[in-house]
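To keep things clear, I will list the structure first and then write my remarks on it.
The values are calculated or read from the model by the stated rules, or taken from the named source; none is laboratory data. As the structure is a prediction and not an experimental result, all values here were calculated from the model. Don't worry about glycine lacking a Cβ; one is built from the backbone with ideal geometry, like all the others, and counts go over all protein chains shown.
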Amino acid sequence: MSESLFSLEGNVAVVTGGARGIGKAAARALARHGAGLLLVDRLEAELASTAAELAEAGAAVDTLLADITADDIGERIRAAATAAGPVTVVVNAAGVMVRSAITELTVAELDTLWRVNVRGTVEVTQALLPQLIERGYGKIINVGSLGSVRGLERRTGYATTKGAVAQYTISLASEAGAYGIRANVVAPGYVATDMASPWIYGDADRTERLRARIPLGQFATPADLAGTFVFLAAPASDYVTGQILLVDGGWTTT
């Protein structure tokens, strides 16, 4: 019984930002539990490398080289998902970060953040919803952050978009439940990804200040989030929707 709760056999998961970082960790974990994959990313070399690694491990992997800000992303991802198989899981992990003080944040920076973090998430989801509705079942997992629930110094624009992702997901859950679709947010704390590591470790004083606030005493790696993605994608979470699951080492308890 416990194995079936977490089995993803017969499912296909679309993972945006799947070439590296959190998206790659999610894809790897879902594949280990039996899911087929459609990896979507704009990083050609990393996408090919990740796909080859997962295929070598026995996963069924398709790829789509694409930028989720492209005007035709909905059409392209819909076609690729149709070819890959009946999609039941959508992981929106593609994202960007801009660090600016509130007095320095520009409209151009905000537009970039919004286009990737919010509009990209919504467009990918909108493109795949008809398949999930037709199937009468689906799991949508959107990647938020601490900024989904807390203020972030020098990351106001980023936090604004991650707050929007959280509210979009909650609203999506309230409407999509009628079609058997669950939608939740994975909100990581400080994760040592390629994107975040230079900032986390770039200043020794800041590194120790951040680490000291985490009750578990360490920064996360992308692999630390893997189990959360499996849980939210699998039958084990069939009665969970509209939730923000913080995976932050206890940061928000302090």
It is to be established whether one or more residues within the range 110-121 are touching a residue at least 40 places away in the same chain (Cβ under 8 Å), out of contact with any strand residue (DSSP E or B) (no Cβ under 6 Å at 6 or more places or on another chain) and of a type in the set (S, T, N, Q). yes
Look through Gly147, Gly151 and report the one residue that is under 21 Å from Thr106 (Cα atoms) and not in a loop (DSSP other than H, G, I, E, B). Gly147
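Let's see how each residue does on (1) crowded, with 22+ Cβ neighbours inside 10 Å; (2) more than 20 Å from Ala70 (Cβ to Cβ):
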residue: Phe6; (1), (2): no, yes
residue: Ala13; (1), (2): yes, yes
residue: Gly17; (1), (2): yes, no
residue: Ala27; (1), (2): yes, yes
residue: Arg32; (1), (2): no, yes
residue: Asp41; (1), (2): yes, no
residue: Glu44; (1), (2): no, no
residue: Ser49; (1), (2): no, yes
residue: Ala57; (1), (2): no, yes
Sort out which residues of the range 36-88 are closer than 18 Å to Lys24 by Cβ and among the acidic types (Asp, Glu), and write them in order of number. Asp41, Glu44, Glu46, Glu53, Glu56, Asp62, Asp67
For the range 114-128, check the following and say yes or no: at least one residue is modelled with pLDDT under 95 and of a type in the set (A, V, I, L, M, F, W, C). no
Suppose the filter is within 26 Å of Ile181 (Cβ to Cβ), surrounded by 16 or more Cβ atoms within 10 Å (Cβ to Cβ) and either in contact (Cβ under 8 Å) with a residue 24 or more places away in the chain or among the hydrophobic types (A, V, I, L, M, F, W, C) (or both); does Ala81 pass it? yes
Hits in the range 40-49 (condition: in a helix (DSSP H, G or I) and within 19 Å of Ala83 (Cβ to Cβ)): Leu47, Ala48
Is it the case, given these coordinates, that Val122 is out of contact with any Pro (no Cβ under 8 Å at 6 or more places or on another chain), farther than 24 Å from Glu75 by Cα and surrounded by 16 or more Cβ atoms within 10 Å (Cβ to Cβ)? no
Condition first: without any contact (Cβ under 8 Å) to a residue 40 or more places away in the chain and either touching a strand residue (DSSP E or B) at 6+ places or on another chain (Cβ under 9 Å) or of a type in the set (Ser, Thr, Tyr) (or both). Now tell me which residues in the range 1-36 satisfy that. Ser2, Gly10, Ala19, Ala31
Which numbered condition in (1) at pLDDT 95 or above; (2) farther than 23 Å from Ile68 by Cβ; (3) small (Gly, Ala, Ser); (4) loosely packed, with under 14 Cβ neighbours inside 10 Å is the only one that Gly189 fails? (4)
Taking only the range 87-116 into account, find how many residues are of a type in the set (Asp, Glu) and in a loop (DSSP other than H, G, I, E, B). 1
State the number of residues belonging to the range 151-170 that are surrounded by fewer than 23 Cβ atoms within 10 Å (Cβ to Cβ) and under 12 Å from Ile244 (Cα atoms). 5
Kindly indicate the residue of the range 201-254 that is farther than 19 Å from His33 by Cα and among the aromatic types (Phe, Trp, Tyr) and also surrounded by the fewest Cβ atoms within 10 Å (Cβ to Cβ) among those meeting that condition. Tyr239
Got at least one residue in the range 90-113 being of a type in the set (S, T, N, Q), closer than 20 Å to Arg182 by Cα and loosely packed, with under 15 Cβ neighbours inside 10 Å? no
Just to check your reading of the model, which residue among Val185, Val240 is touching a strand residue (DSSP E or B) at 6+ places or on another chain (Cβ under 8 Å), touching a residue at least 60 places away in the same chain (Cβ under 8 Å) and closer than 30 Å to Gly10 by Cα? Val185
Mind checking which pairs have a first residue in the range 159-180 that is free of Cβ contacts under 8 Å to residues at least 40 places away in the same chain and a second that is surrounded by fewer than 19 Cβ atoms within 10 Å (Cβ to Cβ), Cβ under 7 Å, 6 or more apart or different chains? Ala159/Gly151; Ala159/Leu152
